[in-house]
Amino acid sequence: MALISKLSKSTTNLVSTDSFNPKMNPTYPQLIICGTGTDVGKTVVSSLFVQGLNAMYWKPIQSGIEDGGDTSSICKLLNLPKERCLKEAYKFNAAVSPHWAAEKENQTIDPRQLTLPSITSPLIIETAGGLMVPLNRQLLQIDQLKSWGLPIVLVAKSGLGTLNHTLLSIEALNKRRIPIIGLVLNGSLHQDNPKTLKGFGGVPIIAELPHFNKLSAHLLSEEWEKQNIGVRLEQLINNTSY
C-alpha cells in the first residue's frame, strides 16, 4: 500500500506513546524540517509535507510574530483544525536568532521544554533557522536535533550559493550521525546543482519546488502528486538507517 493511501485516515484520534521509531512504522512518519539557513523555504516545505502526509505540525520555537508566526500561517493556508497545529514551546517577538530573541524578553530556552509530543500520528517539526543556530548560550539547534533522534528533511535554495551551505550542513549532520532522509530544493530549477549536491553530499533529492507567486494548498497538492513525493518518501524512509 502506498504511503499516501495509508495516511488518508484522520489523525484526530491519537494514542500516547513513550517512544517512536519512524523506521519501524512508516505509516506514521515523524520528520524534522530544517534549513541550510534562514528564508530557504522551510515553511513552504513544512506545508507541503503536512498536507501530503495528513500530518500534525509543530514549530517548537518561533522567533518573530509580526505576521502571527508560522503555525498560524500554515494552519490558515491548509485550513487545518486546531488539533493539528500544536502550540509552540516558545514564542518570541523579535525575528532574530532564538537565543537572542529569548534574552530580549529576559528568558532562556530550556531544552527540557522541547520534549517531543507523545502522539501516534504523522508529525512535521519545523525548526527556527539553520542547523547551527544557538538555542541558548550553551546549546546549538543541531544538538537538539541529535537529542530528538528523528530523521531530517534538509531544505535548501536551488540557486547560487547553495552548494557550500548545503554541503556544510550535510557534513555537520553526518558528523553527529543524525539521519538525513533527503533534500528539498526551493526556487527556479537549476541544471547542475541537484546533481552536484547528490554527488558530493550523498543525499537524495526528495523534491524540487518552483517559486510560487502565490502559495496555495492546491498548488502544493499538485506538486506532491506531480513529483510523486509520497511514494518517494516511503522508499527513502524504508532505506534510511536510524
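Table for the structure above
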| item | result |
| --- | --- |
| Qualifying residue in the stretch 83-90 (condition: over 15 Å from Gln30 (Cα atoms), among the charged types (D, E, K, R) and outside any helix (DSSP H, G or I)) | yes |
| Segments classed as helices (runs of 4 or more DSSP H), wholly inside the stretch 106-201, with at least 2 members that are under 16 Å from Ile33 (Cβ atoms) and touching a residue at least 60 places away in the same chain (Cβ under 8 Å) | 141-148, 162-175 |
| Residue within the stretch 81-89 that is of a type in the set (Lys, Arg), within 13 Å of Ser121 (Cα to Cα) and at pLDDT 90 or above present | yes |
| Residue count for the stretch 211-242, restricted to those that are within 20 Å of Gly187 (Cβ to Cβ), loosely packed, with under 13 Cβ neighbours inside 10 Å and either of a type in the set (A, V, I, L, M, F, W, C) or at pLDDT below 95 (or both) | 3 |
| Residue ID - modelled with the highest pLDDT, chosen from residues in the stretch 113-137 that are over 16 Å from the mean Cα position of the chain (by Cα) and farther than 13 Å from Pro98 by Cβ | Thr115 |
| Candidates Phe49, Phe92 - the one that is at pLDDT 95 or above, under 18 Å from the mean Cα position of the chain (by Cα) and crowded, with 22+ Cβ neighbours inside 10 Å | Phe49 |
| Residue in the stretch 110-124 that is surrounded by 17 or more Cβ atoms within 10 Å (Cβ to Cβ), over 21 Å from Ile74 (Cβ atoms) and among the β-branched types (Val, Ile, Thr) present | no |
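The values are calculated or read from the model by the stated rules, or taken from the named source; none is laboratory data. From a predicted model like this one, the values you see are computed outputs, not experimental measurements. Cβ atoms come from the backbone with ideal geometry, glycine included; neighbour counts cover every protein chain shown.
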